[in-house]
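The values are calculated or read from the model by the stated rules, or taken from the named source; none is laboratory data. In this text the structure is predicted, and so the values were computed from the model without any measurement. All Cβ positions, even for glycine, are placed from backbone atoms using ideal geometry, and neighbour counts span all protein chains on display.
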Amino acid sequence: ERIKQVAANYSTLEYDLESGKRGLRYSHIEEIICKITGAEAAFVVNNNADAVLLALNTLSEGREAIVSRGQLVEIGGSFRVPDVMRQSGAILREVGTTNKTHLRDYEENINENTGVLLKVHTSNYRILGFTEEVPVWELAETGKKTGIPVLEDIGSGTLIDFSKHGMAGEPTVQEAVRYADVVTFSGDKMLGGPQAGVIVGKKKYLDEMKKNPFTRAFRVDKMTLAGLEATFRHYLDEDEALENIPTLKFLTASAESLKARALKLAEMIRSRTPDFEVDVEEGQSQVGGGSMPLEKLKTYVVSARSGKLSSYRMEIGLRKNIPPVIARINDEKVVLDVRTILDCQFDAVAEAFGKLQEGIDI
């Protein structure tokens, strides 16, 4: 709704109503981000890869960025942390081993050409077993002793402690800000806003970044800022955020509510598909989106099979429907997880199944 308002009307994006002069592009959103995260300063770029590149270019161009070998991750689209570092002008200094990195690995590699201590959250995979990494608070102590800034990329980022909702705890922005000098995270994904990269941290470092020419190249438009600001405003009240931000609502939905919704959707589909066998079954939701790679959530799914159409043909028919209905195939049945289907979309889903039935009747 906020994006619609901004798109349809004039905007005070870079206009100061108090002075009547040109204002700062990020003043509208910086205050609210700082209030929620506890950071001294904040601003926004196009995505988190841009945020990391900008931070490295500002803090460590031509100098070494020390990072654990186990954190040199590859994100979606084959973009790799070493490649981002190379483009930033920082010199990669990897330390430790794939499964174990100790504080001494960082300390023994610090020299007069060290620009930043980098920590990257392994958002989309986990190394299990004989493994160890350096917590950010220990890295921060080393940073203070040596005068070297600590940059932490927490990836998807979250402002909610999901361990309170029975899930594996992801690092929160608020916790990261307590220790790292600069923190970067995504504005979409777990946060639930539009695609953006958010940078928070010490004012002296962010002031340097705001002067970097890359900041102009990476800046976001007024509609992204409007959507992101509206998203952050929900987080002023955690209960409001959980209720109004779809991603959070999906993640924290109770099994009981999901079962009730699955039964309702199944009945709507049955009424349109007399030749289909439609059931409600227990299932598991996987979080995905570069977050909680090991987390499986109990859910309820609607499954359907037809004696006249293969599950493969059914899946294609649903996918090519307008609007598309994305299902998965399990045990020769097409399966829909109601966790990520809005109530207002039930009619469209049932209608898509009805079209499959019509195809059989023809």
With the structure loaded, tell me whether Leu118 is under 22 Å from Pro171 (Cα atoms), outside any strand (DSSP E or B) and of a type in the set (A, V, I, L, M) or whether it fails that test. no
Scanning for something on the phi > 0 side of the Ramachandran plot and in contact with a helix residue (DSSP H, G or I) (Cβ under 7 Å, 6 or more places away or on another chain), does segment 111-131 turn up at least one residue? no
Which numbered condition trips up Asn212, out of (1) closer than 30 Å to Phe353 by Cα; (2) more than 21 Å from the chain's Cα centre (by Cα); (3) surrounded by fewer than 17 Cβ atoms within 10 Å (Cβ to Cβ); (4) in contact (Cβ under 8 Å) with a residue 24 or more places away in the chain? (1)
Give Lys320, Lys333 a once-over and let me know the one that is in contact with a Ser or Thr (Cβ under 8 Å, 6 or more places away or on another chain), farther than 30 Å from Thr122 by Cα and of a type in the set (Lys, Arg). Lys333
Tell me which residues, restricted to segment 134-166, are surrounded by fewer than 18 Cβ atoms within 10 Å (Cβ to Cβ), at pLDDT below 95, over 18 Å from Gln71 (Cα atoms) and not charged (D, E, K, R). Ser163, His165, Gly166
Residue list for segment 311-347, filter: touching a residue at least 40 places away in the same chain (Cβ under 8 Å), within 20 Å of Ser271 (Cα to Cα) and outside any strand (DSSP E or B): Met314, Gly317, Val338, Ile341, Leu342, Asp343, Phe346, Asp347
Count of segment 250-264 residues which are at pLDDT below 95 and crowded, with 16+ Cβ neighbours inside 10 Å: 4
Flag if Asp153 is under 13 Å from the mean Cα position of the chain (by Cα), on the phi < 0 side of the Ramachandran plot and of a type in the set (D, E, K, R): yes
Residues of segment 258-310 being part of a helix (DSSP H, G or I) and not aliphatic (A, V, I, L, M), which ones? Lys259, Arg261, Lys264, Glu267, Arg270
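Is it true that some residue in segment 242-249 is more than 15 Å from the chain's Cα centre (by Cα), part of a helix (DSSP H, G or I), in contact (Cβ under 8 Å) with a residue 40 or more places away in the chain and assigned by the TED database to the domain that holds Ile75?
yes
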Of the residues in segment 30-53, those that are over 19 Å from the mean Cα position of the chain (by Cα) and of a type in the set (Asp, Glu) come to Glu30, Glu31, Glu40
Quick check on segment 69-77. Is at least one of its residues under 18 Å from the mean Cα position of the chain (by Cα) and in a loop (DSSP other than H, G, I, E, B)? yes
Mind counting the residues in segment 316-334 that are surrounded by 19 or more Cβ atoms within 10 Å (Cβ to Cβ) and either within 19 Å of Ser285 (Cα to Cα) or at pLDDT below 95 (or both)? 4
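Give me the residue from segment 82-98 that is in a helix (DSSP H, G or I) and in contact with a strand residue (DSSP E or B) (Cβ under 6 Å, 6 or more places away or on another chain) and, out of that set, surrounded by the most Cβ atoms within 10 Å (Cβ to Cβ). If you could, list the steps in order and put the result at the bottom.
The first filter runs over segment 82-98 and keeps only residues in a helix (DSSP H, G or I), leaving 82-88.
After this cut, where a residue has to be in contact with a strand residue (DSSP E or B) (Cβ under 6 Å, 6 or more places away or on another chain) as well, the list is 82, 85.
Working: Pro82: 13, Met85: 23.
Per the stated criteria, the residue is Met85.
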Looking for whichever is in the same structural domain as Gln284 (by the TED database) and touching a helix residue (DSSP H, G or I) at 6+ places or on another chain (Cβ under 6 Å) here; the options are Leu318, Leu336, Leu309. Which one fits? Leu318
